[in-house]
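Engineer: Sending over a structure as structure tokens; questions will come in a sec.
Derivation of every value follows stated rules applied to the coordinates shown; laboratory data play no part. Note that the coordinates shown come from a computational prediction; the quantities given were computed from them, not determined experimentally. A quick note on method: Cβ atoms are made from the backbone with ideal geometry, for glycine too, and the neighbour counts reach across all protein chains shown.
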Amino acid sequence: MRKQFVGAGLALGTLFVSCVQADIYHRETLSDFRAVSIAYDALVCGIWVANESNEIVLLSTFGKEIRRFDTGMGTVRSLTIEDNGLLIANGWGEFRRLTREGQPIDAPFRLSETLYDTEGLHRDADGSFLVVEDDPSRLMRIAPDGEMIMELFGDSFDPPMTEPQGVTRDPYSGNILVVDDNEGLNSLFELAPDGRVLSVLPLSEFGLDAEGVALQPETGTLYVGFDGGQALVIFDWIPSEITIDTPLARGPDCAYS
């Protein structure tokens, strides 16, 4: 049975959040699976998962393991999909590109001199990168050449987003999705492209210490990784509103869910 959770008028501690409705429906929980960063890949119809080790894992959209390989990086803290493969980061400022088979494309490099504690990473449709860090709490947009295009501080949000860990974007609504871990609200923040808070969905009912987030847009399937209890939780997702006039590019079709 799916469990609906509605994010309108949520009581978070002593702070009452009045926001437009957004819905998530719990579908399935995959236990004993650490997922600190997640990225949906329409080309292979799967989910790439970093588990804060030297390996990354490719899962089917059902959660079945397809592939696993050593990245050559001591630890992988965040990852995203690019046209030719994967971009991974160790959370200490170092990035590396790999093919989908795990072969290095280039030597380790810095995506931007401003990035160190990279907790979440998402390559957007225009080639720029959405990045979240938690010390300080920041949501950034970085151009492919490393230029800072946007920098928003989560402490200034209402409610505050103090420990952002994972980021993705819904290409249909245009909204940015960020998970905040247990040191924050352990919630899913839905943001407009300019950082305006649209909704905040508490996640503690489903897991502790939210770390990663990914979306399969064709089916509205949302994946959230929890470090506490080591779980990957699958939801159906309905955004609160559409904030762009034209849907973003989403890559090839992948109709499986």
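Engineer: Compute the relative contact order of the chain as a whole-number percentage, counting only Cα pairs closer than 8 Å that sit 6 or more residues apart in sequence.
Structural biologist: Normalised by residue count, the contact order of the chain is 20 percent.
Engineer: What are the equivalent ellipsoid semi-axes of segment 195-257, built from the alpha-carbon gyration tensor (square roots of five times its eigenvalues), in whole angstrom, biggest first?
Structural biologist: 23, 17, 9
Engineer: Ranking request for peptides 28-38, 95-105, 114-124: highest mean number of other beta-carbon atoms within 10 Å first, then the rest in descending order.
Structural biologist: 114-124, 28-38, 95-105
Engineer: While we're on this one: For percent of Cα pairs over 29 Å apart, the listed values are [x] 32; [y] 40; [z] 21; which was obtained by calculation from the structure presented?
Structural biologist: [z]
Engineer: Each residue of segment 161-166 in order: what ³J(HN,Hα) in whole Hz does its phi give by Karplus 6.51 cos²θ - 1.76 cosθ + 1.60, θ = phi - 60°, with x for Gly and Pro?
Structural biologist: 10, 8, 9, x, 10, x
Engineer: Cβ neighbours within 10 Å, averaged per peptide: list 228-240, 142-154, 181-193 in order, most packed at the top.
Structural biologist: Output ranking for 228-240, 142-154, 181-193: 181-193, 228-240, 142-154.
Engineer: Separate question: Taking the Cα centre of segment 136-186 as the origin, how large is its charge dipole in debye, to the nearest 20, when only Lys and Arg (+1) and Asp and Glu (-1) carry charge on their Cβ atoms?
Structural biologist: In total the dipole reaches around 180 debye.
Engineer: In sequence order, what are the phi-derived ³J(HN,Hα) couplings for segment 67-76 according to the Karplus relation 6.51 cos²θ - 1.76 cosθ + 1.60 with θ = phi - 60°, rounded to whole Hz, with x for glycine and proline?
Structural biologist: Here the 3J(HN,Hα) series is 8, 8, 8, 7, 7, x, 9, x, 8, 10 Hz.
Engineer: So how do 67-74, 47-54 stack up, highest first, on mean other-Cβ count within 10 Å?
Structural biologist: Sorting 67-74, 47-54 by mean packing, highest first, produces 47-54, 67-74.
Engineer: Next up: Quick one: putting +1 on the C-beta of Lys and Arg, -1 on the C-beta of Asp and Glu, what dipole do you get for segment 150-257 around its Cα centre, in Debye to the nearest 20?
Structural biologist: Value, rounded to 20: 320 debye.
Engineer: Between the alpha-carbon centers of segment 226-254 and segment 86-147, tell me the distance in whole angstrom.
Structural biologist: About 20 Å separates the Cα centre of segment 226-254 from the one of segment 86-147.
Engineer: Starting from the Kirkwood Rh over alpha-carbon pairs, what translational D in µm² s⁻¹ does segment 73-217 have by Stokes-Einstein at 37 °C and 0.692 mPa s?
Structural biologist: 216
Engineer: Could you give the semi-axes, largest first, of the ellipsoid that matches segment 139-234, computed as the square roots of 5 times the alpha carbon gyration tensor eigenvalues and rounded to whole Å?
Structural biologist: One finds semi-axes of 21, 16, 13 Å for segment 139-234.
Engineer: Would you kindly derive the ³J(HN,Hα) couplings of segment 90-102 from the backbone phi angles with the Karplus curve 6.51 cos²θ - 1.76 cosθ + 1.60 (θ = phi - 60°), listing them in order in whole Hz, with x for Gly and Pro?
Structural biologist: 9, x, 10, x, 9, 10, 8, 9, 10, 6, 5, 9, x
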